[in-house]
């Protein structure tokens, strides 16, 4: 198949790099000035998830919390029939306060009302933040070590940098739109790292196979090799990401409130992962390999000293 008539990803690499750099800069500015919207897992307070068994609305829920003399910082109405109330309080609620809330909701909706309470102390919140960052760092280092052993330093550097971009992209989106960051979000980021490296390895492995029969004498030879490898794995990349996106969308639409943000983070990361694999990892590998080819060419062209 003639791949020269297809879209040239290497040729437009600067467009991809510029767009990705713009997103990174905007995300960094948002994180610097506004940070992340931490949920109760990373911020001291109490999270109360109440299953009512009957539909309600935000106004009624606010009135019932007002009767209990508490005001949630975040209030969400969800469930299949708007029969679930999720409330987050910036302060730790006492057992008496939780009991009073549940008594009021039971009086209004019946004995089928149930609840799930999650309280986090300041020390526990800080510990969870630190452990979450350590988990992401260890996962990234492990991926870099694996790719270095399996391939070469160029592939490892290209893969690790773009994996970090995928993780940062999801974090930046959550910062820009002030979406809540909880432990499921961390699980989504780790899942994204695993999926992203799998997609990148497929393309890098095809590049390695094609190099066995390629004669790389010029920069164009390297570009042709990269584009050929991308298009040879394009069908697999698209089919895989569409399958996983379908599952993520189903979780986002039909899943409970507790996993909706997990599904959203995963969906964003999946799209970013396939984009970075095709438009960032391989062009970056091209730049590193092109430099090597050019140095080899200059070394060969040097005149040998006369005896």
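The values are calculated or read from the model by the stated rules, or taken from the named source; none is laboratory data. Remember, it's a predicted structure, so these values are computed and weren't measured experimentally. Note that we place each Cβ from the backbone using ideal geometry, even for glycine, and neighbour counts take in every protein chain shown.
Of the residues 142, 159, 137, the single one that is touching a residue at least 60 places away in the same chain (Cβ under 8 Å) and under 30 Å from residue 275 (Cα atoms) is 159.
Taking the listed residues 92, 116, the one that is closer than 24 Å to residue 259 by Cβ, loosely packed, with under 15 Cβ neighbours inside 10 Å, within 35 Å of the chain's Cα centre (by Cα) and at pLDDT 80 or above is 116, with no other qualifying. Residue count for the stretch 207-259 under the criterion of being outside any helix (DSSP H, G or I), without any contact (Cβ under 8 Å) to a residue 60 or more places away in the chain and closer than 30 Å to residue 86 by Cα: the result is 1. Against the criterion of being within 20 Å of the chain's Cα centre (by Cα), touching a residue at least 40 places away in the same chain (Cβ under 8 Å) and not in a loop (DSSP other than H, G, I, E, B), residue 170 qualifies. Scanning the stretch 235-247 for residues that are closer than 21 Å to residue 158 by Cβ and surrounded by 15 or more Cβ atoms within 10 Å (Cβ to Cβ) gives 237, 240, 241. Looking at this structure, is residue 204 modelled with pLDDT of 90 or more and closer than 30 Å to residue 248 by Cα? Against the criterion (modelled with pLDDT of 90 or more and closer than 30 Å to residue 248 by Cα), residue 204 qualifies. Could we say that residue 176 is in contact (Cβ under 8 Å) with a residue 40 or more places away in the chain and over 27 Å from residue 286 (Cα atoms) here? For residue 176, the condition - in contact (Cβ under 8 Å) with a residue 40 or more places away in the chain and over 27 Å from residue 286 (Cα atoms) - is met. For the stretch 179-194, the set of residues classified as in a helix (DSSP H, G or I), in contact (Cβ under 8 Å) with a residue 60 or more places away in the chain and crowded, with 21+ Cβ neighbours inside 10 Å consists of 185, 188, 189, 192, listed by residue number.
Per-residue answers, yes or no, for (1) touching a residue at least 40 places away in the same chain (Cβ under 8 Å); (2) closer than 20 Å to residue 255 by Cβ; (3) out of contact with any helix residue (DSSP H, G or I) (no Cβ under 9 Å at 6 or more places or on another chain):
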| site | (1), (2), (3) |
| --- | --- |
| 64 | yes, no, no |
| 72 | no, no, no |
| 95 | no, no, yes |
| 102 | yes, no, yes |
| 130 | no, no, yes |
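The helices (runs of 4 or more DSSP H) found entirely in the stretch 1-114 that carry 1 or more residues being under 30 Å from residue 286 (Cα atoms) are 13-33.
Exactly one residue among 162, 148 is in a helix (DSSP H, G or I) and either at pLDDT 85 or above or crowded, with 18+ Cβ neighbours inside 10 Å (or both), and that residue is 162. May I ask you to list the residues in the stretch 1-24 that are without any contact (Cβ under 8 Å) to a residue 60 or more places away in the chain and under 17 Å from the mean Cα position of the chain (by Cα)? 21, the sole residue that qualifies.
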